[in-house]
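Take a look at the structure below.
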Amino acid sequence: MRKLSIISALLMGSALSAPAFADDHLRVVDEPLELTIHMHWRRAQNYNEDYATEQAAAKMTGVSLVDATVGSNTTDTREAHNLLIASGDIPDIFGGQHVREFVNEYGPQGAFQPLNDLIAEHAPNIQNYIDQYPERFAAISAADGNLYYIPYLPDGFFGRAYFIRQDWLDTLGMEQPQNVDELYDVLVAFRDQDPNGNGEKDEVPYFARHWEEMIRLVTLWDGRTSGSDTYHDFMVVDGQLTHPYIGEGYRDGIANLAQWYTEGLIDPEVFTRGSSARDFFLSENLGGVSHDWFASTAGYNDKLRDSIEGFEFVPFIPPASVSGVRMEEHRRIPVKPDGWAMGHTNENPVETIKYFDFWFSEEGRRLANFGIEGVHYNLIDGEAIYTDEVLNADLAVVNQMYEAGAQIWRGFPQDYSYELQWTNPIAKAGIELYGQGDYLVPIFLGVTMTEEEQAVYDRHWPQIRTYMLEKQQAWVLGSGDVQADWDDYIETIDGMGLDKVLEVMNAAYARQQG
């Protein structure tokens with residue numbers, strides 16, 4: 001865990017101070033070069049050659065990208081990538097989401113080019129990141145030790161937080177809960193004492209857009225749900241990989257959540273209501289506590305201020321667990337499995353790696369994060385500052401960036417100040433508050449297994465995971481008793497091969513750690 005005290009510390013020196021771009025030093029080639037690209041991600045199923053950022057990058061570097069995406073008729077990125085691999089016709093650049101799993105499997109087989117030597121010889125900006133964060137790049141390298149893709153590198157630390165209706169607390173004369181027992185008392189009061197003042201017992205004390213955020217409450221009993229930014233993932237304990245759903249804290253947490261659910265402290269439709277939960281419970285003045293993203297959740301204070309008198313939904317620090325630990329399990333992952341790689345048929349590997357390196361330069365990073373200078377932002381005292389037109393537009397800033405081809409799933413280092421500029425002041429205050437504590441847990445960045453190890457993992461883990469989640473939901477809903485079922489549960493998981501999964505994963509993890 002790491003203690004951070006102010007928002008500027010969260011930015012980790014990410015402010016950009018280079019002069020505005022356009023100079024020969026950014027050119028990759030003397031003569032214009034076209035490279036083909038397959039890019040598929042959740043919001044776009046191809047690469048738009050008309051992106052404003054694409055046009056600007058082509059002007060600066062001399063390299064233009066030509067869309068060659070396979071599977072543009074499907075929104076399933078893995079399906080699109082599989083179609084491309086099956087075709088055997090891999091373009092110069094392979095990019096988008098979920099790149100890591102494909103390049104680390106097929107790169108050692110020759111489908112993608114290893115980038116280590118190319119980076120060392122021709123990509124000083126990328127090499128600088130590797131030198132600064134060797135553990136991140138070790139985590140995403142293939143089992144043969146080679147790096148096959150340039151990742152998208154998110155910035156910042158905090159993502160989600162606990163939120164509570166401060167106006168309801170004020171109405172009831174209560175303080176923000178400081179530990180799990182006080183949180184229970186607050187939820188009971190929200191259920192019973194009509195804090196919304198409509199004369200009905202209709203309040204839902206705890207709600208969540210993603211039911212996994214409700215399960216995350218097991219941390220209040222010293223349990224865990226994941227070691228990464230992915231739900232239900234493995235975690236590292238004392239240098240060894242294990243799974244959180246075999247821990248005693250998890251068991252005790254589920255037992256208590258089942259009791260809270262029975263007592264009506266949790267949305268009865270938490271497993272099925274889905275992403276509409278936040279908008280529904282806040283807009284209808286019904287929801288009291290949740291765990292969700294800082295920026296988007298705090299934005300409801302602006303959205304509902306005029307329609308719900310006194311509405312105040314604010315972040316509060318994680319309540320202390322039964323052992324006194326304040327834990328925020330969710331954090332922004334520092335390296336994504338998304339980015340771009342180089343196909344084996346690419347006849348211009350040096351130019352391509354130099355092009356990749358451009359996006360790690362200060363000028364390229366600005367372009368990837370903020371769009372076009374003079375259109376989307378102005379450079380003020382060395383920092384990219386969005387224009388009023390961008391900040392006040394009806395379309396969300398992030399969606400404006402997507403339309404311009406910024407903040408898309410290429411390999412680049414994100415600048416958190418892009419988000420901070422449009423973050424609600426309440427969210428900013430919450431980020432500052434969380435930064436003053438020691439709440440974050442170490443993050444597991446994943447492992448890359450050999451073909452044999454992966455085969456063991458694939459043989460056992462999917463069925464184990466399904467069984468774990470089925471039991472988890474059944475226990476919370478009251479179909480079974482986790483305490484009474486625990487020994488049989490552990491025995492069943494062992495019989496399904498969890499020990500074999502952990503063995504191969506720990507072998508891969510030890511190899512990765514060197």
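The values are calculated or read from the model by the stated rules, or taken from the named source; none is laboratory data. On a predicted model such as this, the values are computed, not experimentally measured, just so you know. Backbone-built Cβ (ideal geometry, glycine too); neighbour counts: all protein chains shown. Heavy atoms of the whole protein, side chains included, go into the accessibility calculation; ligands, DNA and RNA do not. Shrake-Rupley method; radii C 1.70, N 1.55, O 1.52, S 1.80 Å.
Tell me, please, whether a residue that is within 22 Å of Glu182 (Cα to Cα), in contact with a helix residue (DSSP H, G or I) (Cβ under 9 Å, 6 or more places away or on another chain), open to solvent by 30 Å² or more (accessible area, probe 1.4 Å) and not in a helix (DSSP H, G or I) can be found in segment 255-265.
yes
Could you check segment 364-389 and list, in sequence order, the residues that are among the charged types (D, E, K, R), open to solvent by 20 Å² or more (accessible area, probe 1.4 Å) and in contact (Cβ under 8 Å) with a residue 60 or more places away in the chain?
Arg365, Glu373, Glu383
So how many residues does segment 49-71 have that are of a type in the set (Asp, Glu) and either outside any loop (DSSP other than H, G, I, E, B) or in contact with a Leu (Cβ under 6 Å, 6 or more places away or on another chain) (or both)? Explain how you work it out, then say what you get.
Quick first cut of segment 49-71, residues of a type in the set (Asp, Glu) only: 49-50, 54, 67.
Adding the requirement that they be either outside any loop (DSSP other than H, G, I, E, B) or in contact with a Leu (Cβ under 6 Å, 6 or more places away or on another chain) (or both) leaves 54, 67.
Total meeting the criteria: 2.
What pairs can you find where one residue is in segment 310-330 and among the basic types (Lys, Arg), the other is in a strand (DSSP E or B) and at pLDDT 95 or above, and their Cβ atoms are less than 9 Å apart, with a gap of 6+ or different chains?
Listed pairs, sorted by first residue: Arg326/Asn179; Arg326/Ala320.
Taking only segment 349-390 into account, find how many residues are charged (D, E, K, R) and assigned to a strand (DSSP E or B).
Count: 2.
Please list, ordered by residue number, the helices (runs of 4 or more DSSP H) wholly in segment 399-501 having 2 or more residues that are surrounded by 15 or more Cβ atoms within 10 Å (Cβ to Cβ) and within 19 Å of the chain's Cα centre (by Cα).
Where helices (runs of 4 or more DSSP H) fall fully within segment 399-501 and carry at least 2 residues being surrounded by 15 or more Cβ atoms within 10 Å (Cβ to Cβ) and within 19 Å of the chain's Cα centre (by Cα), they are 417-420, 425-435.
State the number of residues belonging to segment 72-101 that are buried (at least 23 other Cβ atoms within 10 Å of the Cβ) and in a helix (DSSP H, G or I).
Of the residues in that region, 4 qualify.
For residues in segment 48-67 being of a type in the set (A, V, I, L, M, F, W, C) and touching a helix residue (DSSP H, G or I) at 6+ places or on another chain (Cβ under 9 Å), which is surrounded by the fewest Cβ atoms within 10 Å (Cβ to Cβ)?
Ala52
Can you list residue pairs whose Cβ atoms sit under 7 Å apart, with the first residue in segment 68-81 being closer than 14 Å to Tyr47 by Cβ and modelled with pLDDT under 95 and the second being open to solvent by less than 40 Å² (accessible area, probe 1.4 Å) and assigned to a helix (DSSP H, G or I)? Count only pairs 6 or more apart in sequence or on different chains.
Gly71/Ala80; Gly71/Leu84
Out of all the residues in segment 279-294, is one or more touching a residue at least 60 places away in the same chain (Cβ under 8 Å), open to solvent by 10 Å² or more (accessible area, probe 1.4 Å) and assigned to a helix (DSSP H, G or I)?
no
Would you check if Gln45 is within 29 Å of the chain's Cα centre (by Cα), open to solvent by 10 Å² or more (accessible area, probe 1.4 Å) and at pLDDT below 95? Talk me through it step by step, then tell me what you get.
Details: within 29 Å of the chain's Cα centre (by Cα): yes; open to solvent by 10 Å² or more (accessible area, probe 1.4 Å): yes; at pLDDT below 95: yes.
Judged against the criteria, Gln45 is a match.
Quick one: Ser307 ticks every box in (1) open to solvent by 20 Å² or more (accessible area, probe 1.4 Å); (2) under 30 Å from Leu35 (Cβ atoms); (3) out of contact with any strand residue (DSSP E or B) (no Cβ under 7 Å at 6 or more places or on another chain) bar one, so which box is it?
Ser307 satisfies every listed condition except (2).
Within segment 225-249, which residues are over 17 Å from the mean Cα position of the chain (by Cα) and open to solvent by 40 Å² or more (accessible area, probe 1.4 Å)? Steps first, please.
We begin by selecting, within segment 225-249, every residue over 17 Å from the mean Cα position of the chain (by Cα); these are 236-249.
Correct list: Val236, Val237, Asp238, Gly239, Gln240, Ile246, Glu248.
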